[in-house]
1. Within the set of pairs 6+ apart or on separate chains, which have a first residue in the range A:68-92 that is at positive phi, a second that is modelled with pLDDT under 95 and aliphatic (A, V, I, L, M), and C-beta atoms under 9 Å apart?
2. Any residue that is over 22 Å from B:ILE60 (Cα atoms), away from every other protein chain (no Cβ under 13 Å), aromatic (Phe, Trp, Tyr) and within 9 Å of the chain's Cα centre (by Cα) - is there at least one of those in the range A:56-66?
3. Just give me the residues in the range B:22-59 being of a type in the set (Lys, Arg), more than 8 Å from chain A (Cβ to nearest Cβ) and within 23 Å of A:ASN5 (Cβ to Cβ), in sequence order.
4. Look at the range A:43-55 and say how many of its residues are more than 14 Å from chain B (Cβ to nearest Cβ) and in a strand (DSSP E or B).
5. Is it the case that some residue within the range A:30-38 is more than 14 Å from the chain's Cα centre (by Cα), free of Cβ contacts under 8 Å to residues at least 40 places away in the same chain, within 13 Å of another protein chain (Cβ to nearest Cβ) and surrounded by fewer than 16 Cβ atoms within 10 Å (Cβ to Cβ)?
6. Tally the residues that are surrounded by fewer than 21 Cβ atoms within 10 Å (Cβ to Cβ), closer than 21 Å to B:HIS29 by Cα, without any contact (Cβ under 8 Å) to a residue 60 or more places away in the chain and within 14 Å of another protein chain (Cβ to nearest Cβ), restricting the search to the range B:70-111.
7. Which of the following residues is in contact (Cβ under 8 Å) with a residue 40 or more places away in the chain and within 23 Å of A:THR99 (Cβ to Cβ): B:TYR35, B:TYR64, B:TYR47?
Amino acid sequence: GQQLNQSPQSMFIQEGEDVSMNCTSSSIFNTWLWYKQDPGEGPVLLIALYKAGELTSNGRLTAQFGTTRKDSFLNISASIPSDVGIYFCGDGNQFYFGTGTSLTVIP
Amino acid sequence: DVKVTQSSRYLVKRTGEKVFLECVQDMDHENMFWYRQDPGLGLRLIYFSYDVKMKEKGDIPEGYSVSREKKERFSLILESASTNQTSMYLCATLGSGNTIYFGEGSWLTVV
């Protein structure tokens with residue numbers, strides 16, 4: 001099946017720091033989706049990207065659809081404790097998800 | 001608000017038992033999905049369904065089957081549970097605007 005490699009696997013950061021994570025696929029995507037999963041919950045959609053080069057923001061979150069259409073990036077600015085969770089990238093068909101980035105924010 | 005309900009949050013089953021994981025949605029969505037989530041592997045699609053009595057294999061269907069007799073209910077079945085099926089199972093539905101809604105997950109331990 002499709003491989004979505006997500007990095008880093010985990011991050012431990014101080015409150016207030018910015019966060020960057022990325023996702024790469026082995027084939028071209030038409031849509032990239034980013035999700036957050038709070039502990040003990042199912043993932044929730046954060047941002048959807050529909051065309052190469054697109055840059056979309058949702059509050060302190062900014063995501064970009066890579067120009068090669070095989071990668072995507074998620075940035076979180078000025079992290080806060082409630083940003084803790086696992087972040088996943090995924091394709092637009094909901095078939096494939098990244099391996100996840102576990103974020104810990106230290107107050 | 002869309003509600004996707006997985007009836008069992010935590011289950012412990014013995015090897016060889018038949019296991020049913022139930023998922024119910026209240027938004028009349030046509031598309032429903034079952035995933036398993038494992039550390040370091042992310043979410044992997046087991047089966048999905050586009051309509052009643054319709055099912056399609058995902059990436060890892062081996063050892064699983066599904067049932068969609070009614071639109072609101074999508075069941076995942078482990079015919080003979082094995083220890084490598086110990087995992088967290090997530091059900092999801094797809095709403096308008098390509099928005100996916102997940103249940104809270106079912107933690108299954110097979111001993």
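1. A:ARG69/A:ILE28; A:ARG69/A:ALA52
2. Here is the first cut: in the range A:56-66, the residues over 22 Å from B:ILE60 (Cα atoms) are A:56-66.
So of that shortlist, the ones also away from every other protein chain (no Cβ under 13 Å) come out as A:56-66.
Filter once more, keeping what is aromatic (Phe, Trp, Tyr): A:65.
From what's left, within 9 Å of the chain's Cα centre (by Cα): none.
No, there is no match, as no residue in the range A:56-66 is over 22 Å from B:ILE60 (Cα atoms), away from every other protein chain (no Cβ under 13 Å), aromatic (Phe, Trp, Tyr) and within 9 Å of the chain's Cα centre (by Cα).
3. If we filter the range B:22-59 for residues that are of a type in the set (Lys, Arg), which is where we start, we get B:36, B:44, B:53, B:55, B:57.
With more than 8 Å from chain A (Cβ to nearest Cβ) added as a condition, the list becomes B:36, B:53, B:55, B:57.
Within the range B:22-59, just B:ARG36 meets the criteria.
4. Going through the range A:43-55 one residue at a time, the tally reaches 1.
5. Step one: of the range A:30-38, the residues more than 14 Å from the chain's Cα centre (by Cα) are A:30.
From what's left, free of Cβ contacts under 8 Å to residues at least 40 places away in the same chain: none.
Checked against the condition, which is being more than 14 Å from the chain's Cα centre (by Cα), free of Cβ contacts under 8 Å to residues at least 40 places away in the same chain, within 13 Å of another protein chain (Cβ to nearest Cβ) and surrounded by fewer than 16 Cβ atoms within 10 Å (Cβ to Cβ), the range A:30-38 yields no hits at all.
6. 4
7. On the way: B:TYR64 fails: in contact (Cβ under 8 Å) with a residue 40 or more places away in the chain; B:TYR47 fails: in contact (Cβ under 8 Å) with a residue 40 or more places away in the chain.
After applying the criteria, what remains is B:TYR35.
The values are calculated or read from the model by the stated rules, or taken from the named source; none is laboratory data. Fair warning: this is a prediction, and the values are worked out from it, not measured in the lab. Here the Cβ is made from the backbone with ideal geometry for all residues, glycine too, and neighbour counts use every protein chain on show.
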